[in-house]
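Just below is one structure, and these are the notes that go with it.
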Amino acid sequence: MERWLREYAWSNLAPRTLARHAGLKGVRLYDARHTHASLMLKQGVNPKIVQERLGHTSIQTTLDTYSHVATGLQEAAAESFDKLVSPKYNGENEAVKEHY
């Protein structure tokens with residue numbers, strides 16, 4: 001068997017076979033890749049890291065593709081900042097005092 005054919009067969013059939021054995025019907029490698037990226041972004045992984053793991057040449061590709069996941073990122077960033085600087089969350093604002 002030609003090398004390219006073996007590689008093609010492995011890259012396309014093995015994930016399907018593994019998915020079938022795991023009881024997951026109709027799962028494509030692309031689906032697993034998309035889920036992986038979406039979960040990383042939802043967990044707050046830096047989009048640059050996600051871009052590098054996916055092999056996208058541009059961060060814009062990653063952000064455009066996964067913008068549906070990023071809808072809550074602005075709110076999470078604002079809340080995180082509030083926790084850092086707000087007396088409501090941070091008692092004496094130690095982080096702010098240390099900075100200034």
- line: Length gained, Leu24-Leu73, 0.36 nm per residue minus C-alpha separation, equals 14.6 nm
Ser80 paired with Thr35, simple spin-label distance in nm, labels 7 Å along Cα-to-beta-carbon: 2.6 nm
- line: Note, the range 20-31: 3J(HN,Hα) by Karplus (6.51, -1.76, 1.60, θ = phi - 60°), whole Hz, Gly/Pro = x, goes 4, 5, 7, x, 9, 8, x, 8, 9, 4, 4, 4
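Quick note: the coordinates plus some simple rules give every number you see, no bench work behind them. Here the structure is a predicted model, which is why all the values come from computation and not from measurement. Positions of Cβ are backbone-derived with ideal geometry, glycine not excepted, and every protein chain shown enters the neighbour counts.
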